[in-house]
1. Among A:ALA195, A:LEU518, A:GLY67, pick out the residue whose Cα is farthest towards the positive end of the charge dipole of chain A, where Lys and Arg carry +1 and Asp and Glu carry -1 on C-beta, about the Cα centre.
2. Using the Kirkwood formula over every pair of different C-alpha atoms, what hydrodynamic radius in Å results for the range A:95-201?
3. Could you work out, for the range A:1-57, what percent of all Cα-Cα pairs fall into each 10 Å distance bin, beginning at 0 Å and stopping at the bin that holds the largest distance?
4. Over all distinct alpha-carbon pairs, what is the Kirkwood Rh of the range B:1-123 in angstrom?
5. What number, in percent, do you get for the relative contact order of chain A if the mean sequence gap of Cα pairs under 8 Å and at least 6 apart is divided by its residue count?
6. Quickly work out the A:THR529-to-B:LEU186 label distance, labels modelled 7 Å from Cα along the C-beta direction, and quote it in nm with one decimal.
7. Run the simple label-point estimate for A:LEU409 and A:LYS98 please: 7 Å along Cα→C-beta, distance reported in nm.
8. Keeping the other protein chains in place, figure out the carbon and sulfur percent of the accessible area of the protein assembly as shown, with a 1.4 Å probe.
Amino acid sequence: MTLTRHLRVDGPNHDDRLDLMAQGVLGQPLNRLEGPLKVTGRATYAAEARPRNMAYGVLVQATVPAGKVLEIGDAPGALAVIQDKRMVRYAAQGMDEKGPTSGPDRIEYMGQSIALVVAESFEAARHAAQNIAVRYKSEDVPVLPDAVAPELPPKKQSAVGDVDKAMRDAAVTLDQVWHTPSQMSAAMEPHAAIAEWDGDQVTIRAALQMLSSNRKQMADALGIKEKNLRLLAPYVGGGFGSKLGINAEAVAAAIAAKQLGRPVMVAMTRQQVFDLAHRRSETRQRIRLALDGDGRLTGIGHDVLVSNLPSSEFTEPVAQATPFTYQAAQRQVVHAVARIHRGCAGSVRAPGEAVGVTVFECAMDELAEAAGIDPVELRLRNIPDVEPTTERPFSSHMLAEALQEGARLFGWSGRKSVGQRVEGEWMIGMGMAAAVRVNMLIESRARVTLLQDGHAIVETDMTDIGTGTYTILGQLAAEMLGLPAERVEVRLGDTDFPPASGSGGSFGAASSGNSVYLACEEIRSQIATVMGCNEADLTLQDGVARAGNVSRPLSELITGQVTADGHLQPGKTEKSHRQATWGSHWAEVAVNRWTGEVRVRRMMGVFACGRVLNEKTARSQCLGGMSFGIGIALTEAMEHDPRDGHAVSRDLAEYHVPTHADVPALEVHFLPERDAYVGPLQAKGLGELGICGAGAAVLNAIHNACGVRVRDLPATPDKIIAGLGG
Amino acid sequence: MREFTYLRANSVADVPAGATIIAGGTNLLDLMKLEVMAPDALVDITRLDLNRIEPHEGGLRIGALVRNSDLAADPVVRRDYPVLSRALLAGASGQLRNMATTGGNLMQRTRCPYFYDRRMACNKRDPGTGCAAQGGVTRHHAILGASDRCIATYPGDMAVALLALDAVVQIDGPAPREVPLADFHLLPGETPHVETVLKPGEVITGVTLPAPVGGEQRYRKVRDRASYAFALVSIAAVIRMEQGQISHAALAFGGVAAKPWRDGDAEAVLLGREPSDALFAQAADILLKPARAFGDHAFKIPLLRRTLMATLRDATGLEATA
Ligand SMILES: Cc1cc2nc3c(=O)[nH]c(=O)nc-3n(C[C@H](O)[C@H](O)[C@H](O)COP(=O)(O)OP(=O)(O)OC[C@H]3O[C@@H](n4cnc5c(N)ncnc54)[C@H](O)[C@@H]3O)c2cc1C
Ligand code: SF4
């Protein structure tokens, strides 16, 4: 029988257990374990398996923005044209327990999947899907956020006091409106699935981030039992939120494979990803700030408009961090949703803060300028002691340190006033912003087996979407069990393993990591029992157990193997404390005075995220996040056609993620921190913090360089020259 | 992608009139996957002996199959025609330039997103169906020489530099001929689907450049990200000064029309004059007099003006007075 060590995080954990371990491998900047497999093409992504006799499916897409499918014609040369009520209109949201909205004969947006064509080759299937005749009854629907009266979901509004009054009474005020466009996650690997049935058992290889909830969604969507469904996603080529919930390709593959009695692959083309994956909603954000004569905020208003399909529940939580980042007695969040027929909106890396903190931090910069206060100082003056409104304590609060340390490291004191630094055609400026992102733990399980030969195996259905999960879970087990890192094998991405949090919301590393920690703790107890000591007195290092002056190799202590499960659940600290990660962003940009081109010259982030599990993979997360920030500030915009709402830029030549030339050598610093309220690992999320506010540092630097405030993102050359004059 | 037959040509005479030429395939294959182009037959010309860069009447002859990366790195090109090298390196990505050929680059098709999207009406793709771009998203569209049938731009960089260098396109086929690059691409008028003077069965075999003119050469490309993006506007400039006066001015513009654009009057006004902001503004006025924009791309008019002023200041060494 496998013992389970269970923990609900109901209180603080101050023992710093991991700091007392002897192996010394946790935190080390180890290379990613699966790296060599990936760069040599041996890591099989979802669409790369080749089961025998596989057929290829391609989704047929609606060419009208709304209406009904009346009839779908034949596809000469195809094996089948499949329309099935269970097929998906738009993807499930992350952690949904139910399948996504189905019924593809009803069209809610241009490009929606309405059927599947299956053929002997991908090319033949695509040709048939692209040319199949479809008769529609089409409807006129709104596609512009301003064209409809928005909904105001009651739960999403909040107000304390009277912001209008604060604005009237303030010494200095700021009241401006920003726009951010729809954005696409644009993960390198397009969505794909291969389904294969064996009797009533189906195995689906898929590109997914959260297997345990994906399995629930898939079973519900297909109308089968969970136990008859196995999902495999050992390697995922990035997700950034777009693979949190199951989507049309995976459901269609399973339906087709059943119908044809052979394995079926359905892979999206890049253009289909732009049509069918969740977009980050465009936002309109009005920010009002009231400041008193001492530079303290008295009022904060954040008034947000986002959009989504009429039937989708998700709304981008733009103002998520607004209630607790800065203090002010009068505060109001208005959250409005325009129900329009663009592709479904959902979570894209750092939903909420990515655009919410970015805009808010631009507003803070404008306010600092209006008040004549240094932007760093303005923020320092307004850090709350407890979470405003709820009066909850913070689990940890590192914003002040991140600001002060960042200012020192970046050379903030050398910043000149607006437009004062010119080098030839280029105007140079510096900007900064605070970084903040809510922190979460999600229930997670893992199994760890220690073998007599001194190897260990970690198994969980956790995914590694390119972030380094394989590596950090291996390091954790190695540290706890006293083994060199290469002695630990990590098996992920298979629903046959214990269910984990999955990768999303920055909670993956800490949630799954804590479950591995717990399993290892159980194994340590069992070893301690054999050694006749307390677990706390046990030292494990390089395959040897020590207690007092007794020292024995693990091989003598174990017969066969020891297996234990770890089970982590979030508990009371979720409510008792406001948990968040903190940081600061710093940028130096050059703006071309004639063409309005912007080049980021230098960028730095300082982050506090609790314990750092692997210095290298942690840093990589921040580099990626900051690059996302550059994209939000300067380049990324998913344009929608104003008439039918369709995504106009549908490939990576036209949807501009930052290239190497857009991203300078980025500098990342971590502040040492142990957060006691987030489980024994004392580690928090990091996958998203690097984005939150990064774009604001760039936009604020543009203003410092040339005096232009771009409030309609991204800051492309046309918008800069419109402000430059001359 | 529709099924097609594939032939390999061993000589220009092998190229059948009905077949579509494939060279590097970097543009054609993308369009075939989307079935924006759906040829019945492809003829692969990459075995033809067209990949040399050689002296030609005091200038240079560039074979149609010379890869963009090789052309950009050629020492003679870098020394005598640096604007060409810079234009090439401003285009696409390293991987694409390794595949892309001189002939294919000249023939690359517009990046109008509505042309790429078969759900949308497009006179260029399907003559007579209309132009969905108008009234849609037109950030990349033309401010010069457009018609109400089509407002797409020619997206390339190399051809802009070639135009400023007075290049000539060599064409083989039933009746071999040479066409100045200035006359090679066509404005849309009533027939936006006819993009060049090339006729079925004709093959571009090379491009010739006249003897080098020296001078200051600039290629300036303004785009929505620092690399790997098509031009919002681009300028190829070849400027020579004698005794403080401009003695040679060749200016070609990309991203603004269905062909690389050149305006003899805007160049003529510069000749024999001393550089000044006022003079450059005059040239910009002439260039932009016929410019029209009716949507998202209106910014290209001030952007082209500013970029031209900056390029001329830079090429003539004029200190900014603004
Ligand atoms: C993502 C992306 C980004 C890009 N960015 C840029 C950019 O920034 N700047 C830029 O200038 N270009 C850019 N390009 C375009 C690139 O330069 C062209 O795709 C390339 O030059 C085409 O050359 P090729 O040899 O691959 O042509 P192919 O794709 O083989 O052919 C293109 C066309 O030319 C015809 N053709 C080819 N050779 C001949 C010949 N000898 N005679 C007659 N007809 C011929 C073909 O029939 C076809 O119609 C980009 C392309 C991509 C895919
Ligand atoms: S601008 Fe030209 S290429 Fe674009 S949709 Fe209109 S006709 Fe087609």
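1. A:GLY67
2. 20.8
3. Once binned at 10 Å, the Cα pair distances of the range A:1-57 give 14, 20, 24, 24, 14, 4.
4. 15.9
5. 19
6. 8.7
7. 4.6
8. 49
The values are calculated or read from the model by the stated rules, or taken from the named source; none is laboratory data. Keep in mind it's a predicted model, so treat the numbers as computed, not measured. Don't worry about glycine lacking a Cβ; one is built from the backbone with ideal geometry, like all the others, and counts go over all protein chains shown. Ligands, DNA and RNA are excluded from the accessible area calculation, which covers all protein heavy atoms including side chains. Shrake-Rupley method; radii C 1.70, N 1.55, O 1.52, S 1.80 Å.
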